[in-house]
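Here is the structure we will look at.
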Amino acid sequence: MEGRAGTGKLRSQAWFDNPANIDMTALYLERYLNFGLSLEELRSGRPIIGIAQTGSDLSPCNRHHLVLAERVREGIREAGGVAIEFPVHPIQETGKRPTAGLDRNLAYLGLVEVLYGYPLDGVVLTIGCDKTTPAALMAAATVNLPAIALSVGPMLNGWHQGERTGSGTIVWKAREMLSRGEIDQAGFVKLVASSAPSTGYCNTMGTATTMNSLTEVLGMSLPGSAAIPAPYRDRQENAWRTGKRIVDMVREDLKPSDLMTRDAFLNAIVVNSAIGGSTNAPIHLQAIARHLGVELSIRDWQEFGLRVPLLVNLQPAGEYLGEDFYRAGGVPAVVAQLIEQGLIREDARTANGRTIGENCRGTPIEDKAVIRPFDEPLKPDAGFIVLSGNLFTSAIMKTSVISAEFRARYLSNPDDPDAFEGPVVVFDGPEDYHARIDDPALAIDANTLLVMRGAGPVGYPGAAEVVNMRAPAYLLREGVANLPCLGDGRQSGTSGSPSILNASPEAAVGGGLALLRTGDRVRIDLGRGTVDVLVSDAELAQRRTALEAAGGYAYPSSQTPWQAIHRTHIGQLEHGAILEGAEQFQRIAQTRGLPRDNH
Ligand code: FES
Ligand code: MG
C-alpha cells in the first residue's frame, strides 16, 4: 500500500477506518482507545507516528531518549499527528556479552516486524549507541515507511587533571598505563570513569559519533542535529523539530528509499574520511545499502574515501571531543568544506525536504582547531585502504590513525616505503590473547605482527571488537605502544590502533587466517593493497587438507538460541554481516501489500 501521496489514504486507516471490515476495525480501535487515545484522533486521518524507543536502564547511552521522547510527542501532536511509543530490543555496546554485534540483526528483525505489522504511518528512530543506529536504519530501509532519525547526542567532554578524556579511547590508553605500572587498579577505574560525565553516547569519534554523523549525511536526520550533545537544550529543541517534521514527511510520502540513494552513501563515505570515522562504518553502511537494494561495495571505500583528508580533530585520531565538534559547526561545517572541493553529490535529498547542498553549502567553521579547512588538514588521504591477498579477500585499515611513530617504525624503508614484513604470533580468540600476551616465551618483539582470529561474525559470534591488541608489558615499558595487528574481528571505533581488520572470510568459515601459524612471515604492502603470508601455495594446500580433515577451524559452541540461528544465516563483514536472505525483502510496505488481518 502506498502512503498518503499514492492513494490519499494512510496506511493506518486499514486498521482504524475500514468500513469494508467493520469487525476488525472495531477490534483494532478498542484496544488503542484503551490507553486514552480518542476515536477522533484515530479516525480523522491523522498520521500515526511510532517512536522507536532504544533507550532504557540497560542502555545508558540512549537512556536520555526517554526524556527526549516527550518533546518528540509534542512535535508530532503539534503537527497534527498521533504519537505511539514502543520499545526496541536494547543494544548496549559496552554491556552486552559476548558482543553487541550479535544484537544488531536481532533488533533489526524485531523492528521490521513492528513497523510492518502495526498501524504506523511513519516512525521516529531514536538512535545513539553504536549498533542502535544501523539496526534502526536497516529496518527503516526494509520496510520503507517515512522515517526520521533522532540522535541522542554525545556525552559532555570528559576531563581528568585538566586534560580531555574521551570515552573508549581512554580505556586503551589507561590499560597501557596500568601495564607500565603508572597507575593502580583504582586509578585505572577513576581515569576511565572520568571520560563519561553525563548522559549520551561516546564523546569520541567512535562508532556512535560516526554513525550518527553519517545518518545526517545520508539525509535521515535533520541537518545540524548529529553533533548536539545530549544534555544541551538544543537537543530537546531538535527532538521537538524532529517530531514535527516526520508528520509532514508522511504527508509528502518522503521515504528512506528517496533519501538513502547511492549518491547519499558515497557522500557518507567521503564524510567518514574527513571526520576520521569508525572502521565499523563500512559494515553498517553495507548492511543498510543491501536492505535497500543500493549497490555499494567495500571497494567503494578506497575509491571514494581514501584520498579525502582528515579535517575533524577528534579523538582517537585527534585531540578534541563531542562538545568541541558541535561548537565548531558539526557535520554541516565539514560537508561545506567538502562541497567546495566538489566531493559531495549535492543533489542528494534529506529529511527536511531540501538537498544536502542546500542545507550545508557555505556553513562556516566556528573553530579551526577542531574542524580544519580543507587546505589545512590534519592528514592527507585519511580514508580506508582495502587490502586483499592469500589470507582473505578483503580487510581494511584506517589510515587516519597511523601515527608518526608507527610510520617511522614500520613504513620507513626507503626502498619500500609502504610495506613491512614480520613474523606473526597467532591468537585464537581474545581469551587466548589475554592469557598469553605477556608470556616471554612468545618472544614478541617490535617487529612481530599480532594476529587475532576466531573473532568474526560466525566465530565469535557477532564479530568481537578485539583486533586492537596491546603490546606485551615489557615492550610497553620500552616505549613500543602499537604493534601491527591483523584479524577477522572488528575493532572499537574509539581505538587509535592502526590494525588491519574485518578480514573476510573469517577463519571460522575457512578463510585463509585459519591456515596461519605462529612463526610464519607475513608481508603487508599498503601501496599495492596486499597482505600475504610468505608460504608456498603447496604448503597452504597441505595445511588446508589437514584443517578440513580435523573438521575445520574450531570455535566455542552457541550458548543461546539466537547465537545458533545467527550463525546459520550470517554473512561476512565485507558484505555487511546481514542475515543472508533478508535482503530479498525490500521496501515491503510498497512491495508486499498489507499484512493479513489477525482474526
Ligand atoms: Fe554506547 Fe559508546 S558505548 S556509544
Ligand atoms: Mg564498540
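The values are calculated or read from the model by the stated rules, or taken from the named source; none is laboratory data. Just so you know, these numbers come straight off a predicted model, no measurement behind them. Quick reminder, even Gly has a Cβ in these numbers, built from the backbone with ideal geometry, and neighbours come from all protein chains shown.
Can you confirm whether the range 59-66 contains a residue that is within 16 Å of ligand 2 (Cβ to nearest atom), under 34 Å from the mean Cα position of the chain (by Cα) and of a type in the set (G, A, S)? Within the range 59-66 (the criterion being within 16 Å of ligand 2 (Cβ to nearest atom), under 34 Å from the mean Cα position of the chain (by Cα) and of a type in the set (G, A, S)), the answer is yes, since at least one residue qualifies.
For (1) more than 16 Å from ligand 2 (Cβ to nearest atom); (2) of a type outside the set (S, T, N, Q); (3) out of contact with any Leu (no Cβ under 6 Å at 6 or more places or on another chain), each residue gets a yes or a no:
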residue	(1), (2), (3)
T207	no, no, yes
T210	no, no, yes
S225	yes, no, yes
R235	yes, yes, yes
I246	yes, yes, yes
V250	yes, yes, yes
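Taken together, the criteria place A208 among residues that are closer than 20 Å to Y232 by Cβ, within 14 Å of ligand 1 (Cβ to nearest atom), of a type in the set (A, V, I, L, M) and under 20 Å from the mean Cα position of the chain (by Cα).
As for the range 167-187, it holds no residue that is more than 16 Å from ligand 2 (Cβ to nearest atom), hydroxyl-bearing (S, T, Y) and at pLDDT 95 or above.
Considering the range 67-102, and only residues there that are of a type in the set (K, R) and part of a loop (DSSP other than H, G, I, E, B), the residue that is farthest from the chain's Cα centre (by Cα) turns out to be R97.
Looking at L513, is it touching a residue at least 24 places away in the same chain (Cβ under 8 Å), within 18 Å of E574 (Cβ to Cβ), in the same structural domain as S388 (by the TED database) and buried (at least 23 other Cβ atoms within 10 Å of the Cβ)? In short, yes. Has the range 244-253 got at least one residue that is closer than 20 Å to E583 by Cβ, in the same structural domain as G153 (by the TED database), touching a Pro at 6+ places or on another chain (Cβ under 8 Å) and at pLDDT 95 or above? No, the range 244-253 contains no residue that is closer than 20 Å to E583 by Cβ, in the same structural domain as G153 (by the TED database), touching a Pro at 6+ places or on another chain (Cβ under 8 Å) and at pLDDT 95 or above. Kindly evaluate Q315 against the criterion of being closer than 22 Å to C202 by Cα and among the polar types (S, T, N, Q). Answer is yes for this residue. The test for being under 24 Å from I49 (Cβ atoms) and either within 11 Å of ligand 1 (Cβ to nearest atom) or not basic (K, R) (or both) holds for A139.
Checking R521, R544 one by one, the residue that is more than 16 Å from ligand 2 (Cβ to nearest atom) and closer than 22 Å to F420 by Cβ is R521 and no other. Filtered by the rule that a residue be within 16 Å of ligand 1 (Cβ to nearest atom) and more than 19 Å from V171 (Cβ to Cβ), the range 464-492 gives no residues. Return yes when L391 is more than 22 Å from the chain's Cα centre (by Cα), crowded, with 24+ Cβ neighbours inside 10 Å and not assigned by the TED database to the domain that holds N272 and no when it is not. Taking the combined requirement at face value, the residue satisfies it.
Just one residue in the set S504, S497 is crowded, with 17+ Cβ neighbours inside 10 Å, at pLDDT below 95 and either closer than 12 Å to V451 by Cα or of a type in the set (G, A, S) (or both); that residue is S497. Considered as a group, the residues in the range 85-111 that are among the hydroxyl-bearing types (S, T, Y) and farther than 15 Å from A52 by Cα include one that is nearest to ligand 1 (Cβ to nearest atom), and that residue is T94. Being more than 16 Å from ligand 2 (Cβ to nearest atom), over 25 Å from T560 (Cα atoms) and touching a Pro at 6+ places or on another chain (Cβ under 7 Å) is the requirement here; does G81 meet it? Yes.
The sole residue among S403, S412 that is out of contact with any Asp or Glu (no Cβ under 7 Å at 6 or more places or on another chain), at pLDDT below 95, of a type in the set (G, A, S) and within 26 Å of E93 (Cβ to Cβ) is S403. When the range 238-277 is limited to residues that are within 17 Å of P332 (Cα to Cα) and among the small types (G, A, S), the one that is farthest from ligand 1 (Cβ to nearest atom) turns out to be A264. Tell me which residues, restricted to the range 112-130, are more than 16 Å from ligand 1 (Cβ to nearest atom), surrounded by 24 or more Cβ atoms within 10 Å (Cβ to Cβ) and small (G, A, S). Residue satisfying the conditions is G122 alone. Could you tell me whether any residue of the range 457-475 is at negative phi, surrounded by fewer than 20 Cβ atoms within 10 Å (Cβ to Cβ) and basic (K, R)? No: zero hits.
When the residues of the range 1-19 are filtered to those that are buried (at least 16 other Cβ atoms within 10 Å of the Cβ) and of a type outside the set (S, T, N, Q), which remaining residue is modelled with the lowest pLDDT? Step by step, filter the range 1-19, then rank; the result is G3.
A search for C-beta distances below 7 Å between a residue of the range 7-18 that is closer than 11 Å to I48 by Cα and assigned to a loop (DSSP other than H, G, I, E, B) and any residue that is at pLDDT below 95 and of a type in the set (K, R), counting only pairs 6+ apart in sequence or on different chains, returns L10/R4.
Every test in (1) surrounded by fewer than 24 Cβ atoms within 10 Å (Cβ to Cβ); (2) within 19 Å of S56 (Cα to Cα); (3) in contact with a helix residue (DSSP H, G or I) (Cβ under 7 Å, 6 or more places away or on another chain) is passed by D103 save one, and that test is (3).
Among the residues making up the range 374-388, those that are surrounded by fewer than 20 Cβ atoms within 10 Å (Cβ to Cβ), at negative phi and touching a residue at least 60 places away in the same chain (Cβ under 8 Å) are F374, P377, L378, K379, P380, S388. The residues of the range 103-137 that are among the acidic types (D, E) and part of a loop (DSSP other than H, G, I, E, B), listed by number, are D103, D121, D130.
What about N280, is it at pLDDT 95 or above, buried (at least 24 other Cβ atoms within 10 Å of the Cβ) and more than 16 Å from ligand 1 (Cβ to nearest atom)? Against the criterion (at pLDDT 95 or above, buried (at least 24 other Cβ atoms within 10 Å of the Cβ) and more than 16 Å from ligand 1 (Cβ to nearest atom)), N280 does not qualify.
Return yes or no: is F420 at pLDDT 95 or above, in a strand (DSSP E or B), touching a Phe, Trp or Tyr at 6+ places or on another chain (Cβ under 8 Å) and not aliphatic (A, V, I, L, M)? So F420 fails the test. In a residue-by-residue description of the range 442-460, the property of being without any contact (Cβ under 8 Å) to a residue 12 or more places away in the chain and either away from ligand 1 (no atom under 16 Å from the Cβ) or among the small types (G, A, S) (or both) applies to at least one position.
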